[in-house]
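The values are calculated or read from the model by the stated rules, or taken from the named source; none is laboratory data. Since we're looking at a predicted model, the values are computed, not measured. Cβ sites come from the backbone with ideal geometry, for glycine too, and all protein chains shown count toward neighbours.
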Amino acid sequence: MMAAIRRRSILKFLAGSSSVALLAACSGSSPSSSAQSGTSSSRAAAGSTAEGTPSAPATGSGPVSLTVMAWGNFVQQKVMQQALQEFSKQHPGVKASYVSTQGGNQYTKLDTMIAGGVPPDVFYLDPSHVPVYAVKGAIAPLDPFVNTAKYDLHDFYPKALKQYYWHQQLYGLPRGFGNQDLYWNENLFTKVGSTVPGERWNDPSWTTDAFLTLADRLTQRQGSRVVQYGYGQALGLRQWEPWVWIFGGEVVDQTNRRCLLDQEPAMAGLQFLADLMHKYRVMPTPQYSQQENNTSLFASGRLAMNMDIPAALTDYRKLTTISWDVAPLPKKALAATSGGGICWSMIAKPPHPALTWDLLAWLAGNHVQTMECQAGTVAPPRQSVGNSSCYINPKLPPKHMQVFLDAPAYVHIDPQSVHWAQIDTLLEKELSYLWDGSKSVHEILPSLAPKLTTMLQQQ
């Protein structure tokens, strides 16, 4: 399963901006009236007009080629190829093709194609890249298309959609909307006779103190060596952010122009995470994780609780030697988790604006998202898909699937900045001293936060 492309990719490409409406006018097209509702039917999502007939290329233009570029494993690639075949059949004279960036860097390739004048028409962007491409004028605002088509956005989880707005304009439709949850090993809990984690977000009894007590009880030691860990997680932005919010802190202020990581609640949350590794020794250190990752530890029954995302569900269901379930993250000041996913965006100045919109709307529509859900490649960003049988299967674990369904309400989305790649690089470097135990939060964040604020204010 492909992890999200690293946020610190260097973005270099040709700039140029204009409104979608002007672009459409210059190309002889207008935003399509297709996809009256993103959830009503496959045909509507595919790009049928108000009269129910697919949009067509301008007469005399010859065959139209549209390109979709994305990463994804073999299963995801098959889903995309099938979806594009269906789209092409519903749009005579149109050939939609798929370019995979699996194993490479999506953004390096995208920048190269834009600079060469041969960009893909529709492509993945993660939330951190939307502001950068929007400011450079490389992607088209979708609002004119959404408004003309009367495309229904209400089926998307509100926070899934919110992260793709920049300066009040929408630049992407969600393809997935993950979040961080706890997968836990029922066998290990039973073995030590331990109570189970909380079953509901905002459960008043499922606190960070209760979590720490469980993690400590489930950690097994032989002398100074830990042979079974109570808890594990990665240490990227999406994994450490929740602890800031859980302790009542914030990463940035509401304007995205001031870093608040030097405030006491934020520092307490991050120090708690570091203490899980170095003070309480219930969590693998980065050094240990270089030898064996958390997925392997959990699968072999040597990790009791693991922070992971709903999109990993298919992999966990392959674990046949252990019984497991899911739980929300614990709370202190409040219940919270991080989220993100990726979106479908379209290139600015597409040669065929109406058809490009039709393609994007099709990929983000109910039908294709159900295909992805059935393949187990994504956590659905559409509420209708998330509540359908493709996602909820009582015959398969976890028992508490409702944890995933309720999580979007507790998601805090990432900060937005055109300089986030550079900010994230600096954060990763400085926080590495906290994660390896060589420095405390008070030795790092009071001096780091002002530097990040300066970068944030260079919008």
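Could you tell me which residue of segment 313-359 is surrounded by the most Cβ atoms within 10 Å (Cβ to Cβ), considering only residues that are over 30 Å from LEU110 (Cα atoms) and touching a Lys or Arg at 6+ places or on another chain (Cβ under 8 Å)?
Among those that are over 30 Å from LEU110 (Cα atoms) and touching a Lys or Arg at 6+ places or on another chain (Cβ under 8 Å), it is PRO328.
Only residues that are within 26 Å of TRP184 (Cα to Cα) and acidic (Asp, Glu): list them for segment 415-443, please.
ASP436
List the number of the failed condition for TYR229; all other conditions in (1) hydroxyl-bearing (Ser, Thr, Tyr); (2) crowded, with 20+ Cβ neighbours inside 10 Å; (3) farther than 25 Å from ALA333 by Cβ; (4) in contact with a helix residue (DSSP H, G or I) (Cβ under 6 Å, 6 or more places away or on another chain) hold.
TYR229 satisfies all of (1) hydroxyl-bearing (Ser, Thr, Tyr); (2) crowded, with 20+ Cβ neighbours inside 10 Å; (3) farther than 25 Å from ALA333 by Cβ; (4) in contact with a helix residue (DSSP H, G or I) (Cβ under 6 Å, 6 or more places away or on another chain) except (4).
Grab the strands (runs of 3 or more DSSP E) fully contained in segment 301-353, keeping just those with 2 or more residues being closer than 24 Å to GLU250 by Cα.
Ranges flagged: 303-308.
Might you let me know whether segment 323-334 holds any residue that is over 25 Å from the mean Cα position of the chain (by Cα), in contact (Cβ under 8 Å) with a residue 12 or more places away in the chain, closer than 30 Å to THR370 by Cβ and in the same structural domain as SER205 (by TED's automatic domain parsing)?
Yes - at least one qualifying residue is present in segment 323-334.
Give the residues of segment 379-427 that are among the charged types (D, E, K, R), surrounded by fewer than 21 Cβ atoms within 10 Å (Cβ to Cβ) and under 25 Å from ASP315 (Cα atoms), sorted by residue number.
Within segment 379-427, LYS395, LYS399, ASP406 meet the criteria.
Which one of PRO197, PRO158, PRO144 is surrounded by 22 or more Cβ atoms within 10 Å (Cβ to Cβ) and either of a type outside the set (Phe, Trp, Tyr) or at pLDDT 95 or above (or both)?
Step by step, each of PRO197, PRO158, PRO144 is checked, and only PRO197 is surrounded by 22 or more Cβ atoms within 10 Å (Cβ to Cβ) and either of a type outside the set (Phe, Trp, Tyr) or at pLDDT 95 or above (or both).
GLY437 passes all but one of (1) crowded, with 16+ Cβ neighbours inside 10 Å; (2) at pLDDT 95 or above; which number fails?
(1)
Yes/no per residue for (1) of a type in the set (Phe, Trp, Tyr); (2) within 24 Å of the chain's Cα centre (by Cα); (3) under 23 Å from TRP243 (Cα atoms):
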{"site": "MET371", "(1), (2), (3)": "no, yes, no"}
{"site": "ILE392", "(1), (2), (3)": "no, yes, no"}
{"site": "TYR410", "(1), (2), (3)": "yes, yes, yes"}
{"site": "PRO415", "(1), (2), (3)": "no, yes, yes"}
{"site": "LEU426", "(1), (2), (3)": "no, yes, yes"}
{"site": "LEU434", "(1), (2), (3)": "no, no, yes"}
{"site": "SER438", "(1), (2), (3)": "no, no, yes"}
{"site": "PRO446", "(1), (2), (3)": "no, no, yes"}
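Given (1) touching a residue at least 12 places away in the same chain (Cβ under 8 Å); (2) part of a helix (DSSP H, G or I); (3) farther than 30 Å from TYR183 by Cα, identify the lone condition not met by SER417.
(2)
Given the structure, is LYS78 farther than 16 Å from ALA364 by Cα, assigned by TED's automatic domain parsing to the domain that holds VAL122 and part of a helix (DSSP H, G or I)?
It is true that LYS78 is farther than 16 Å from ALA364 by Cα, assigned by TED's automatic domain parsing to the domain that holds VAL122 and part of a helix (DSSP H, G or I).
Is at least one residue of segment 206-214 touching a Phe, Trp or Tyr at 6+ places or on another chain (Cβ under 6 Å), closer than 20 Å to LEU188 by Cα and modelled with pLDDT of 95 or more?
Checking segment 206-214: not a single residue is touching a Phe, Trp or Tyr at 6+ places or on another chain (Cβ under 6 Å), closer than 20 Å to LEU188 by Cα and modelled with pLDDT of 95 or more.
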